[in-house]
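Participant: For reference, the structure I am asking about is given below.
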Amino acid sequence: MKERLRIAVQKSGRLYDGSMKLLKECGIEISNGNNHLRVTANNFPIEVFFLRDDDIPEYVQDSVADIGFVGENVVQEKNKEVDTIEKLGFGKCRLSIAVPKNGELRSIADLRDKKIATSYPLILTNYLKEKNISALIHEISGSVEIAPKIGLADAICDLVSSGSTLFTNELTEIETILNSEAVLISNKKLADEKKLILESLQFRLQSVKKAKNNKYVLLNAPNDKLDIICKLLPGMKSPTILPLAEKNWSSVHSVINESDFWNVIEQLKQNGAQGILVIPIEKMII
Ligand code: PRP
Ligand code: ZN
């Protein structure tokens, strides 16, 4: 049988949808989502294992899976022997210390000798050590946010994404310990055949990521402004220029980066560009 790369993905929770969407954007067809523990892709040599996110680093380390999509927060906390290969651009969140709203705890200095509930004892221990604060760490594996209300702890250290969990539990953040997003991790000793499959997956992941960071731009410009407009639009090589039916006007096509998008659009307008169209890019292969 031909080799397949075994990828571990969160079974359910914050990263499930993003992970499945990313595989789909990479053109990998997986039927039957999370009802199964293990699913084979139809058109790519990959097998998807649906697991608890907390277990993914260990399974990848122990070669139960070859690679995994998992939060950086979990990778750091579990501290296993795996390689973090790249960031995946979804599942952004932060690990924060939060305290009851309107309580007497206001800053991390107030946490001295207090009890903090968390599922991240390792990261929290290191952080408190670094800040020279001795507090009691109470490790719990889920529903950390209710700990202060039921008298189990004075504060919590947990993941915050939209912030709605903190809000509903009348908690407020006082300190961010770590910013996190989903990353691709790999076993340290992949067989050569699996390395090749991983390379081909990474090529697709990177094309999807680049496409998300860039937009395709079409605009009309008077010919005497083309020089300055082309300088504003570097494009992949250089912008494409096509003559318009209207005399002395051209259509300019290019790609611009999301990060300076509005800035560039404003300058284009100021320099005579008209009818600017901005179109999302599905894949970008350079
Ligand atoms: C985290 C965290 C909170 C929630 C915060 O759980 O434990 O419950 O997400 O999100 P919000 O700010 O959008 O409300 P996670 O998805 O990591 O699940 P797990 O702890 O079960 O792995
Ligand atoms: Zn988890």
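Participant: Kindly indicate whether residue 11 is more than 16 Å from ligand 1 (Cβ to nearest atom), closer than 22 Å to residue 92 by Cα and open to solvent by 30 Å² or more (accessible area, probe 1.4 Å).
Facilitator: Details: more than 16 Å from ligand 1 (Cβ to nearest atom): no; closer than 22 Å to residue 92 by Cα: yes; open to solvent by 30 Å² or more (accessible area, probe 1.4 Å): yes.
So residue 11 does not fit the description; no.
Participant: Another question, then. Out of (1) within 24 Å of residue 129 (Cβ to Cβ); (2) open to solvent by 50 Å² or more (accessible area, probe 1.4 Å); (3) not polar (S, T, N, Q), what's the single condition that is false for residue 74?
Facilitator: Going through (1) within 24 Å of residue 129 (Cβ to Cβ); (2) open to solvent by 50 Å² or more (accessible area, probe 1.4 Å); (3) not polar (S, T, N, Q) one by one, residue 74 breaks only (2).
Participant: While we're here: Could you say whether any residue in the stretch 211-221 is closer than 27 Å to residue 25 by Cβ and over 26 Å from the mean Cα position of the chain (by Cα)? Explain how you work it out, then say what you get.
Facilitator: Restricting attention to the stretch 211-221, the residues satisfying the condition of being closer than 27 Å to residue 25 by Cβ are 211-218.
Cutting the leftovers down to over 26 Å from the mean Cα position of the chain (by Cα) gives us 218.
For the stretch 211-221, residues closer than 27 Å to residue 25 by Cβ and over 26 Å from the mean Cα position of the chain (by Cα): present.
Participant: Are any residues in the stretch 246-271 modelled with pLDDT of 95 or more and among the small types (Gly, Ala, Ser), and if so, which ones?
Facilitator: 250, 251
Participant: Taking only the stretch 152-171 into account, find how many residues are surrounded by fewer than 17 Cβ atoms within 10 Å (Cβ to Cβ) and within 13 Å of ligand 1 (Cβ to nearest atom).
Facilitator: First pass over the stretch 152-171, keeping only residues surrounded by fewer than 17 Cβ atoms within 10 Å (Cβ to Cβ): 152, 161-164, 167-168, 170.
Checking which are within 13 Å of ligand 1 (Cβ to nearest atom) leaves us with 161-164, 167-168.
Summing the residues that are surrounded by fewer than 17 Cβ atoms within 10 Å (Cβ to Cβ) and within 13 Å of ligand 1 (Cβ to nearest atom) in the stretch 152-171 gives 6.
Participant: Hey, another quick one. Out of (1) within 28 Å of residue 15 (Cα to Cα); (2) in contact with a Leu (Cβ under 9 Å, 6 or more places away or on another chain), the odd one out for residue 162 is which?
Facilitator: All conditions are met except number (2).
Participant: Which ones in the stretch 172-193 are away from ligand 2 (no atom under 16 Å from the Cβ) and either in a strand (DSSP E or B) or crowded, with 17+ Cβ neighbours inside 10 Å (or both)?
Facilitator: Kept after step one, since they are away from ligand 2 (no atom under 16 Å from the Cβ), are these residues of the stretch 172-193: 172-177, 179, 184, 186-193.
Within the stretch 172-193, 172, 173, 174, 175, 176, 177, 179, 184, 186, 187, 190 meet the criteria.
Participant: Would you mind stating whether residue 18 is assigned by TED's automatic domain parsing to the domain that holds residue 190, within 13 Å of ligand 1 (Cβ to nearest atom), part of a helix (DSSP H, G or I) and not aliphatic (A, V, I, L, M)? Quick ask: steps written out before the conclusion?
Facilitator: Working: assigned by TED's automatic domain parsing to the domain that holds residue 190: yes; within 13 Å of ligand 1 (Cβ to nearest atom): yes; part of a helix (DSSP H, G or I): yes; not aliphatic (A, V, I, L, M): yes.
Considered against the rule, which asks whether it is assigned by TED's automatic domain parsing to the domain that holds residue 190, within 13 Å of ligand 1 (Cβ to nearest atom), part of a helix (DSSP H, G or I) and not aliphatic (A, V, I, L, M), residue 18 comes out as yes.
Participant: Right, here's the next one. Among the strands (runs of 3 or more DSSP E) contained in the stretch 208-273, which hold 3 or more residues that are more than 29 Å from residue 89 (Cβ to Cβ) and open to solvent by 50 Å² or more (accessible area, probe 1.4 Å)? Write out each step before concluding.
Facilitator: Values: elements: 214-222, 240-243, 249-257.
Of the strands (runs of 3 or more DSSP E) lying wholly inside the stretch 208-273, those with at least 3 residues that are more than 29 Å from residue 89 (Cβ to Cβ) and open to solvent by 50 Å² or more (accessible area, probe 1.4 Å) span 240-243.
Participant: Need pairs with beta-carbon distance below 7 Å; first residue in contact (Cβ under 8 Å) with a residue 40 or more places away in the chain and away from ligand 1 (no atom under 16 Å from the Cβ) and within the stretch 60-84, second open to solvent by 20 Å² or more (accessible area, probe 1.4 Å) and of a type in the set (S, T, N, Q); sequence gap 6+ or separate chains.
Facilitator: Hits for this filter: 81/61; 82/61.
The values are calculated or read from the model by the stated rules, or taken from the named source; none is laboratory data. The model shown is predicted, which means the values in this text are computed figures rather than measured ones. As a convention, Cβ positions derive from the backbone with ideal geometry for all residues, glycine included, and neighbour counts pool all protein chains shown. What goes into the accessible areas is simple: the full protein's heavy atoms, side chains included, and nothing from ligands, DNA or RNA. Shrake-Rupley method; radii C 1.70, N 1.55, O 1.52, S 1.80 Å.
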